Each structure stands twice: as C-alpha cells, then as structure tokens.
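This report refers to the structure that appears directly beneath it.
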Amino acid sequence: MVISESTLRETLAHHAQQCPVGVASTGNLLVLGRRRLRRQRIVASTGVVAVGIAGAIVAVTIHPQSAVHQAREKSTGVHAAVWRGLPSLPADAQQGNLLDTGQGLLYIAGADNRQANMVAFALATGAGTWRQVPQAPLRWRTGETTIWTGTQAIAWGGANDSGELADGAILTPIEGWSSLPAAPLRARYSHQAVWAGIQMLVWGGAGGGQVFNDGASYDPATRLWSKLPTAPLTPRSHFVAVWTGTEMLVWGGCGDATVSCDDVTTGAERADGAAYSPTTRTWRTLAQAPLAAQDGRQAVWAAGKMIVWGGRSGQSRADGASYDPRTDTWTRLSAGPLSSRVNFSMAWSGARIVVWGGVDSSGRQLSDGATFDPATWTWSKLPQSPLSPRSHAAMIADPPGAIIFGGCCEQTKAYLDGARVRIP
C-alpha cells in the first residue's frame, strides 16, 4: 500500500490514533547474517500472524497499522521528517548487512542454528509477501563483506566458530546462488570490499592472529580472481573503504589483530590511507588527514568527496573530515549536534549524509540521529525515530532519506525491525 505525502499528512492530522497509515516500500534490503536471533512470533499489520524459523516461508501482508512516526520542525536545526516503520523479519535470523537492489527487498541471514547455512528471503516491492530464496552454499558467519553489482549480490570471507573463512558465493535473484571460485587470499574477516563497475575489489582484514595488506579483484563475468599490486600501507583491519567511480579509497583502521582498538588506545590505530585505481593497477598515498588515529570510524562517498566521521580509540569521538581526491586535500567537518559514538549507522541520501544510533563512550546505546549537508556544511538533528536504541544497525540510501534495519541488541538478540526516514 503506497501512501502519498499529502495523504499521510492529512491522515495524521485527522486520524492520528485511529487510522495509522501503511508502509510504502521502494528500496531493497539485503542483510547478511551475523548474530543469532530467537524464534519470534510475527504479527503482520493486517492481523495476519506469521511464525517462522530461518528457512521457512512466511506470507506477510502490510496493512495500515505499520508503525509511523512523524515529526515537524520545532526549532532551528531540526528536520521536518517522516519515519515509517518496516515489517519485522518473518523468521529467525542473524544481524547483518543491507543492500539496495532496486527490485524489491532481499533478506539474507545466517540461520539461528549455527551449524546451518545462510538462508535468504525476498519481499516483492509493494506486495508485502515473502518468498524463500534457496539456501546459500555458505555456512553461517560474521565479519564478511557483501556488495551489490547492479544485478547480483556477492558475499565473501568472514569467520565463524570454526575460524576464518575464504569462501564466497554470488546470488542472482532469479537464478539463485552459486559458489565463487577459490580466491588467492588467505581466510579473513573485517576486510573491505567495493564494487568497481565491472569487478569486486577486496583488501585488508584480519585472520590467524595477524592483519593483512594484500587484496584481490573478482570479475563475475569471467569468474576470475586477480591479485592486487602491493599497497603502500601497513597491514590493517576495521578500516573504511569507498568507491569514487575511478578509485578505491582506503583509510584508517587497526593494525594489530591481537588487541581491540575499539576499547583502548593501543598504538595500533591508523590515520593514513591510499587510493587504488583498477584502470592503471596503481596505488597512491593520501594526504595526511586532520583526524586522530583511531578505529571504528564510518565513511561514505558523497558529493564527490569521502566523508569520514565518528569512531573510537579509548574514547568515542564526534569529529570528522572530508577528503577530496581531485585535490588530495582534507577539510575538517563543522561540529555537529550528536554526541560521540561508535558502531553507528551512516549513509548518503543523495543530498545529505545521515548518521543514526550507535554506542556512546559509557556503553549506552543510542537512538538519535542527524544529517550533514556538504553543500552548506551544516548539521541538522533528526526527529525521534520509532526505533529503540541500538548499535550496528544496517543503513542504506533511500532518497530523499534512508532505511535503517536490524542492529544489536535486545537482551543479546539482534533486532528484527527497521524504519524508513524521509528527509525533505
């Protein structure tokens, strides 16, 4: 059921409590499993009750009782925005990643049983009904990467109870899953992968008690892997990476697999970076950033620049900077309205950078958010969302806003709900 903004405003004005509006789905969701979830009884908005476990098919019909939260501008610096709740997951699954395919919603997760393979579900746009996608030829895992090529999803690497992994698989929504050929890389997790137009680029990560500074490219058309040339960076994991359209930018991270750069200042934090061009197969170093060396930052490619924000090295930070690859220069971001945090969510809406949730320096989970406009160099607070406080929530662009889904944790269990925020 698709509700126009004018209808939404009218409905809220006249029937705020008696007749909540429905949910309109436009984006695509792909979540790759990480944390175990309990068996859950799902009550669809129509009153249809769906009960399922990972691997089961559950039909869900979206009705005008889905959660909706609207907040108007009340003071300078606060957005007028509309929050719309998303249907909760129809089956047990694990926390994971989020991708937009442009064709509907896809949900891929590790089964609640850690001995099982990852499972997948699809929710057709606007239809509100789930169908099962065949199980992935991958065991459950965490710390993997998942990218969208425009027609396929590729998952690779990660770790589970048996150790680090070096396998992967590719999902075509119509044809299903197929395994990737063996990669020329050691098993690893907390690496990064980007889609570079015709190939996936994988770099860095940790495994076997060490960190890596090697990488490889994978071409789905030829099903061939190729090693990347040596990077001018020390080994690291938990760094940020973005694709600019011509280069993969890599920055920051943690250079020691035996310590947690999240919790204390270890000396292993990194504040340098490099850019890789697949066209010339060459690396170049980035100019020094005006940011402290620390782990846990997030980055997005927005308006021709890489925007880096947040993170922690002993203490959480609320600072950030913008990197322009055309001039090889950094510029500090203006101070924002959010407290320092890590494990937050961040995405580019097409007009603004959206930051939401996370964990503050005291360990408290957060449910507030803000946007940064690179055109005006200004921050604005988001109104309160209908979601409970959480960290590690997945976020993707949904112009003119974003979709937030899942996250950690409700009594050690990953959340099964999400919301879409429209930012005028």
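Taken over region 388-401, the criterion of being in a loop (DSSP other than H, G, I, E, B) and of a type in the set (S, T, N, Q) is satisfied by SER388 alone. Summed over region 205-251, the residues that are assigned to a loop (DSSP other than H, G, I, E, B), among the small types (Gly, Ala, Ser) and farther than 11 Å from ALA274 by Cβ give a count of 5.
Every residue, every condition in (1) closer than 18 Å to ARG341 by Cα; (2) at pLDDT 95 or above, yes or no:
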| position | (1), (2) |
| --- | --- |
| LEU233 | no, yes |
| HIS238 | yes, no |
| TRP243 | no, yes |
| GLY253 | yes, no |
| ASP256 | no, no |
| THR265 | yes, no |
| THR280 | no, yes |
| ARG284 | no, yes |
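Of all residue pairs spaced 6 or more apart or on separate chains, those with beta-carbon atoms under 6 Å, a first member in region 215-226 that is closer than 14 Å to VAL202 by Cβ and among the aliphatic types (A, V, I, L, M) and a second member that is in a strand (DSSP E or B) and at pLDDT 95 or above are ALA216/VAL202; ALA216/TRP225; ALA216/LYS227.
Residue-level analysis places GLY204 among those that are surrounded by 22 or more Cβ atoms within 10 Å (Cβ to Cβ) and within 25 Å of GLY296 (Cα to Cα). Test ILE404 against the criterion of being within 20 Å of ALA109 (Cβ to Cβ), free of Cβ contacts under 8 Å to residues at least 60 places away in the same chain and part of a strand (DSSP E or B), and give yes or no. Yes: the conditions hold for ILE404. A single entry from ASP360, ASP373 fulfils the requirement of being of a type in the set (Asp, Glu) and at pLDDT 95 or above: ASP373. Any idea which residue in region 362-416 is nearest to the chain's Cα centre (by Cα), counting only those that are surrounded by fewer than 19 Cβ atoms within 10 Å (Cβ to Cβ) and of a type in the set (Val, Ile, Thr)? Restricting to residues being surrounded by fewer than 19 Cβ atoms within 10 Å (Cβ to Cβ) and of a type in the set (Val, Ile, Thr), the top hit is THR412.
Those strands (runs of 3 or more DSSP E) of region 129-183 in which at least 2 residues are among the hydroxyl-bearing types (Ser, Thr, Tyr), considering only elements entirely within it, cover 145-148, 176-179.
The values are calculated or read from the model by the stated rules, or taken from the named source; none is laboratory data. Nothing here was measured: the structure is a model prediction, and the numbers come from that model. Positions of Cβ are generated from backbone atoms using ideal geometry, with glycine treated the same way; all protein chains shown enter the neighbour counts.
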